[in-house]
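Take a look at the structure below.
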Amino acid sequence: MLVNAKDMLVKAKKGHYAVGHFNINNLEWTKAVLTTAQELNSPVILGVSCGAGKYMTGMKTVASMVRAMDEALKITVPVALHLDHGTYDACRDCIEAGFTSIMFDGSSLPLEQNLYRTKELTNLAHAYGLSIEAEVGAIGGTEDGVTADGEVANPAECKLLVDLGIDFLAAGIGNIHGIYPADWKGLNFDALNKINAATNNIPLVLHGGTGIPDDQIKRAISEGVSKINVNTDCQLVFAQATIDYCKAGKADPTDENKDKGYDPRKLLKPGYEAIKAKVKEKMELFGSINKA
Ligand code: 13P
C-alpha cells in the first residue's frame with residue numbers, strides 16, 4: 001500500500017524503532033524489498049537516487065513499476081516511494097511522476113538558498129500529499145558520483161530547516177555513504193542529542209546505514225533516529241551471490257546439465273535471495289518487524 005512516509009516515521013519515533021529505507025535499482029531489487037516487508041509485516045521505504053532513476057529510464061518508469069508491483073503482489077504494509085538526495089528538478093519530476101515522498105538535498109548550497117528551495121518544495125510536496133525530507137550538513141562519502149566530506153550538522157541550522165515544515169530531517173553526525181574507512185571515529189552522539197533537542201521531536205534520518213556497528217545503530221534509534229538508509233550493503237550481497245553462482249559454473253552455456261543457468265531469472269535469483277536476507281537482517285536490527 002503506497003503511502004507517504006510521514007505517519008510511519010512519526011509512529012517509529014514514538015515507538016523507538018526505525019523504518020528501513022532501501023535503495024532500489026531494478027525490478028529484482030524492488031520485488032525483493034517489497035516481498036520481504038510484506039512477509040515481516042514491516043513498513044518500508046523504497047529509495048530512488050537520481051542516478052538509479054535515470055538508469056531505470058526515468059522517474060515515471062519507476063513510479064509505474066512500483067505502483068503496478070505493489071498492486072500485483074497485494075502488498076498491504078505501508079510502502080513509501082521516496083526520492084533519495086534529490087535535486088530541485090528531480091523533486092519536481094518525482095512529484096509529477098507519482099512518488100509519495102521526496103528528499104531535497106540542498107546541503108551543498110549556501111544555507112539561505114537551501115532554506116529558500118526547501119520551503120518552496122515543502123509547500124509543493126504537501127499540496128500533493130507527499131512527505132519531504134531535507135538535509136543540512138553533508139553526508140560524507142560518495143554516492144551516485146557525488147562526493148562530500150563527512151560533516152556534523154549545526155543544531156541551529158537544523159532548527160531553521162525543521163521550522164519550514166519539513167517532515168523528517170537528514171543531519172550529518174559523522175555518517176558517510178559507502179564503506180567506512182578503518183579509522184572512522186564512529187557516530188557523533190553528542191551532535192545527535194543536540195540536534196534532537198533542537199528539532200522538536202521530528203523524525204531524524206541516518207544515511208550511510210551500511211557498516212555502522214549494530215550497537216551504534218541501536219543507540220542512534222534510541223536517541224531520535226527513525227529512518228535508516230541502506231544501499232551499499234544490498235549491492236555487496238547481490239554482487240557476491242551473483243559472483244558465487246557464476247564461479248560455480250552454474251551459468252555455463254556449454255554445460256547441458258546446468259539447465260540453462262544463464263537464464264536471467266535463474267542468474268539473478270541468488271542475488272535476489274541475498275537482498276531479501278539482508279533486508280530481513282536490517283529490519284530485525286531496526287525493530288520494524290510487525291510494526292505495519
Ligand atoms: P549506504 O550506501 O552507505 O548504505 O548509504 C545509503 C544512503 O544513505 C542512501 O541515501
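The values are calculated or read from the model by the stated rules, or taken from the named source; none is laboratory data. All figures in this text were calculated on a predicted structure; none of them were measured in a lab. Here Cβ is always computed from backbone atoms with ideal geometry, including for glycine, and neighbour counts include all displayed protein chains. Keep in mind that these areas ignore ligands, DNA and RNA; they rest on the heavy atoms of the full protein, side chains included. Shrake-Rupley method; radii C 1.70, N 1.55, O 1.52, S 1.80 Å.
Among the listed residues Asn200, Asn229, which satisfies the condition of being in a strand (DSSP E or B) and under 26 Å from Gly172 (Cα atoms)?
From the options Asn200, Asn229, the qualifying one is Asn229.
Restricting attention to the stretch 15-51, report how many residues are closer than 17 Å to Val237 by Cβ, of a type in the set (A, V, I, L, M) and within 13 Å of the ligand (Cβ to nearest atom).
1
In the stretch 91-122, which residues are open to solvent by less than 10 Å² (accessible area, probe 1.4 Å), within 30 Å of Lys31 (Cα to Cα) and assigned to a helix (DSSP H, G or I)?
Selection gives Cys91, Cys94, Leu121, Thr122.
Quick test for you: out of Gly261, Gly224, pick the one residue that is at positive phi, away from the ligand (no atom under 16 Å from the Cβ) and open to solvent by less than 20 Å² (accessible area, probe 1.4 Å).
Only one candidate qualifies: Gly224.
Tell me which of these Gly186 doesn't satisfy, since it passes every other one: (1) more than 9 Å from the ligand (Cβ to nearest atom); (2) open to solvent by 30 Å² or more (accessible area, probe 1.4 Å).
Tallying (1) more than 9 Å from the ligand (Cβ to nearest atom); (2) open to solvent by 30 Å² or more (accessible area, probe 1.4 Å), Gly186 fails exactly one: (2).
Which of the residues spanning the stretch 191-221 are charged (D, E, K, R) and either farther than 20 Å from Lys280 by Cα or within 15 Å of the ligand (Cβ to nearest atom) (or both)?
Of everything in the stretch 191-221, those that are charged (D, E, K, R) and either farther than 20 Å from Lys280 by Cα or within 15 Å of the ligand (Cβ to nearest atom) (or both) turn out to be Lys194, Asp214.
Just the residues that are part of a loop (DSSP other than H, G, I, E, B) and surrounded by fewer than 24 Cβ atoms within 10 Å (Cβ to Cβ), please, taken from the stretch 18-51.
Once the filter is applied, which keeps residues that are part of a loop (DSSP other than H, G, I, E, B) and surrounded by fewer than 24 Cβ atoms within 10 Å (Cβ to Cβ), the stretch 18-51 yields Asn25, Asn26, Asn41.
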